[in-house]
Amino acid sequence: MTQDERWTRAADWLRPGPGTGDLAVVGVPAYRTSISATGAHATPGAIRSALARYSTYSWAHDIDLADIVAIDAGDVDEPDGPEGEARVAARIREVAEAATLVMALGGDNSLTYGVALGVWGVRIASAGLVTLDAHHDLRDGVSNGSPVRRLIDAGLPGSHVVQIGIADFSNSAQYAARARDLGITVITRGALRHRPMTDVMAEAIAIAGTAGGPIHVDLDVDVCDRSVVPGCPAAAPGGISADELRQAAFLAGRSPRVESMDIAEIDATADAPDGRTVRLGALCILEAACGVASRLKGA
C-alpha cells in the first residue's frame, strides 16, 4: 500500500503494549470447543492486518482516533479449556486496569466467558451482559454455544442479560424457554426491523446496568446477514446489516457503563476473497474506539 503522511492508517495507530490506553485490544484465539469446525484462531491477526485499510478519521462524528491512545496487548496463548480460560481472565483483568475499554478479538464465542469474568471479577452479581447474536448461547456443556449460560451459572443474574438480534430458526424452543425462565430480555431480529439501533442499545444498556455494575458487550458477528459475513459459519440470510452492527459498536463504546467488548465467531480462513467479514471486524474496533473518544470528550 502507498504511504501518505496526511492519511494515518489505523494499523499504525494501534501500537504494541504494554501501557495505559483509552482502548486496549487483546487477541483471544479460542476455537477448540466450537460446535462447528472453525479457523477462528486465525482471526485476531487477520483483523489487525485489515486495520491497514482504514484511516483513523470518522467524518460522521468529526473524531480523529489519532487523538486517543490505543494499545495492542497481544494475544493470550492457548485460551481454550479451564487453564486457558483462567489465563484469559487473568490477562484481561490486568489489561482492564490500565484501559478505559478492553476489546477482545476472537476466536469463537466461548471467549465471552473468560473475558467477562476477567473484567467483572467479584462484581459479577451487579454486572450486565449485552449480546448482539443470532443465538442464545445457553447450551449445556462448554462450547461456543454456552458462554451466556456459564456466566449465569457463575453468578450473573439472568435479568441483567439483554440479547439483541436473536434469529428465527437459529434456536430451539427449549433454549428459548430457558431464556424466558432466566429472565433474559430478548430483542429479536424481527423487532429490529421497526426500531433504530440507538433506541435498542439505550434500552439494552439500561437493563444490563440495572445494578450499577460493569457491562460487557458481545458482538457475535453471525448476527449479521450472511451476504456481508460469509466468514461466520452460523450466519443466516436475513440477519442485521453491517451498518447496524457498526452502530451498535459505536454506541457500546460511547457508554461509560461498558468496560469491555468482544468480537466473536469470525473464521478468517473461511472469509470471502475480498475479506469482507474480517474488514467488518476491523471497523467494529474503530467504531468502538470512536465511541470511547466521544465518551472521553463528553459528546
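The values are calculated or read from the model by the stated rules, or taken from the named source; none is laboratory data. Since we're looking at a predicted model, the values are computed, not measured. Heads up, the Cβs are rebuilt from the backbone with ideal geometry, glycines too, and the neighbour counts pull from every protein chain shown.
Say whether the condition of being within 11 Å of Val26 (Cα to Cα), in contact (Cβ under 8 Å) with a residue 40 or more places away in the chain and in a loop (DSSP other than H, G, I, E, B) is met by at least one residue in the range 94-106.
no
List, please: which pairs have Cβ atoms under 8 Å, are six or more places apart or on different chains, and start with a residue in the range 147-160 that is under 16 Å from Ile207 (Cβ atoms) and free of Cβ contacts under 8 Å to residues at least 60 places away in the same chain and end with one that is acidic (Asp, Glu) and assigned to a loop (DSSP other than H, G, I, E, B)?
Note: pairs meeting the criteria are Val148/Asp137.
Residues Ala104, Ala125, Ala90: which one is within 16 Å of the chain's Cα centre (by Cα) and modelled with pLDDT of 95 or more?
Testing whether each residue is within 16 Å of the chain's Cα centre (by Cα) and modelled with pLDDT of 95 or more leaves just Ala104.
Among the residues that make up the range 215-229, is at least one of them at pLDDT 95 or above, touching a helix residue (DSSP H, G or I) at 6+ places or on another chain (Cβ under 7 Å) and small (Gly, Ala, Ser)?
No, because not a single residue in the range 215-229 is at pLDDT 95 or above, touching a helix residue (DSSP H, G or I) at 6+ places or on another chain (Cβ under 7 Å) and small (Gly, Ala, Ser).
Identify all residues within the range 158-186 that are of a type in the set (Val, Ile, Thr) and closer than 20 Å to Ile35 by Cα; write none if there are none.
Ile166
Only one of these is surrounded by 24 or more Cβ atoms within 10 Å (Cβ to Cβ) and touching a Gly at 6+ places or on another chain (Cβ under 6 Å): Gly107, Gly128. Name it.
On inspection, the qualifying residue turns out to be Gly128.
Quick one: in the range 49-69, of everything that is of a type outside the set (S, T, N, Q) and touching an Asp or Glu at 6+ places or on another chain (Cβ under 7 Å), which residue is surrounded by the most Cβ atoms within 10 Å (Cβ to Cβ)?
My answer is Ile68.
List the helices (runs of 4 or more DSSP H) inside the range 176-287, counting only whole elements, that have at least 2 residues being aliphatic (A, V, I, L, M), touching a Leu at 6+ places or on another chain (Cβ under 8 Å) and closer than 26 Å to Pro29 by Cα.
Output list reads 242-254.
Can you tell me which residue among Gly213, Gly231, Gly253, Gly239 is in contact (Cβ under 8 Å) with a residue 40 or more places away in the chain and surrounded by fewer than 24 Cβ atoms within 10 Å (Cβ to Cβ)?
From the options Gly213, Gly231, Gly253, Gly239, the qualifying one is Gly213.
Name the pairs: first residue in the range 165-180 and touching a residue at least 12 places away in the same chain (Cβ under 8 Å), second residue among the β-branched types (Val, Ile, Thr) and assigned to a helix (DSSP H, G or I), Cβ to Cβ under 8 Å, at least 6 apart or on different chains?
So the pair list comes out as Gly165/Val223; Ala167/Val223.
Of the conditions (1) part of a loop (DSSP other than H, G, I, E, B); (2) surrounded by 24 or more Cβ atoms within 10 Å (Cβ to Cβ), Val88 clears all except one; give me its number.
(1)
Within the range 112-146, how many residues are touching a residue at least 24 places away in the same chain (Cβ under 8 Å) and part of a loop (DSSP other than H, G, I, E, B)?
13
Residue by residue through the range 33-84, note down the ones that are under 20 Å from the mean Cα position of the chain (by Cα), without any contact (Cβ under 8 Å) to a residue 60 or more places away in the chain and outside any helix (DSSP H, G or I).
Result: Val69, Ile71, Asp72, Ala73, Gly74, Asp75, Val76, Asp77, Glu78, Pro79, Asp80.
Out of contact with any Ser or Thr (no Cβ under 8 Å at 6 or more places or on another chain) and either without any contact (Cβ under 8 Å) to a residue 12 or more places away in the chain or not basic (Lys, Arg) (or both), is that true of Pro29?
Judged against the criteria, Pro29 is not a match.
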